[in-house]
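Each remark here refers to the structure printed beneath this line.
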Amino acid sequence: MKIAVLISGNGSNLQAIIEHQQQSKNLYEIVLVISNRPEAFGLKRAQKAGIATKVIDHTNFTGREAFDEQMKIALDKAEVELVVLAGFMRILSAEFTEHFLGRMLNIHPSLLPKYQGLNTHQRALDSGDKEHGLSVHFVTPELDGGPVIVQSKTNIQNDDTAESLQQRIHSLEHTAYPTVVEWFAQGRLLFKQSKVYFDAKELNSPIILTSENSNA
Ligand code: GRF
């Protein structure tokens, strides 16, 4: 299965997927990495792994639609079957998300529906939450609002900071995201008429991959 990964920065999730692709004996193949930022470190990671890269710099476009259209053309040309957003920091147009509906994933550093948008770690701390985590979800036109497939959770400790939480969640992300990509490549995951199916059963709540609470 041909996949593309869209990034804007460091690309540590991209790296995790690259390594998983190699371990999974090429169950899927990352055929293209697109960045909207020319300086994104993830581009170097992709090049080192011999993956085709493309920079589509959003600052060269006057409108969101024109930028998205360029990405759509590049992804369709590469015959991509799954689009993986991994730290891609652009809001996508409804037209783009609808074109890839059911074949585009995102990872978000919070337990959605909590804390859509930015600064999720600080917001979890400020709210006095006992736990925090990440969500992998199908992308729909609603920002960070598509159905959640998987969550990994960690308890918030008294001495946690936004930085310590970010680090912990990042390392959980590096297991969770490749797992979901693998499921999709195996045909175990399906998005149909706004519903998610896992192993042909409707998923009514997220699969909890990791949790420090035994009752979770
Ligand atoms: C991750 O925390 C992810 O949840 C969010 O952006 C970050 C990307 O990190 N969407 P990286 O570029 O993969 O290291």
**Item:** Cβ-Cβ under 7 Å pairs, at least 6 apart or on other chains, region 83-94 side over 24 Å from LEU172 (Cβ atoms), far side acidic (Asp, Glu) and more than 10 Å from the ligand (Cβ to nearest atom)
**Value:** LEU92/ASP68; SER93/GLU65; SER93/ASP68
**Prompt:** Does region 134-149 hold any residues that are small (Gly, Ala, Ser) and assigned to a loop (DSSP other than H, G, I, E, B), and which are they?
**Reply:** GLY145, GLY146
**Asked** Going through region 95-120 one residue at a time, which ones are of a type in the set (A, V, I, L, M, F, W, C) and loosely packed, with under 14 Cβ neighbours inside 10 Å?
**Response** LEU118
**Item:** Enumeration of residues in region 1-50 that are surrounded by 15 or more Cβ atoms within 10 Å (Cβ to Cβ), away from the ligand (no atom under 13 Å from the Cβ) and more than 18 Å from LEU105 (Cβ to Cβ)
**Value:** ALA49
**Given (1) without any contact (Cβ under 8 Å) to a residue 12 or more places away in the chain; (2) within 16 Å of the ligand (Cβ to nearest atom); (3) over 26 Å from LEU203 (Cβ atoms), index of the condition TYR115 fails** = (3)
**Message:** Return the residues of region 81-90 that are more than 10 Å from the ligand (Cβ to nearest atom) and within 13 Å of the chain's Cα centre (by Cα); say none if nothing qualifies.
**Reply:** LEU82, VAL83, VAL84, ARG90
**Selection status of THR161, of a type in the set (S, T, N, Q), without any contact (Cβ under 8 Å) to a residue 60 or more places away in the chain and loosely packed, with under 15 Cβ neighbours inside 10 Å** = yes
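No lab work stands behind these numbers, since they all come straight from the coordinates. Fair warning: this is a prediction, and the values are worked out from it, not measured in the lab. Cβ atoms come from the backbone with ideal geometry, glycine included; neighbour counts cover every protein chain shown.
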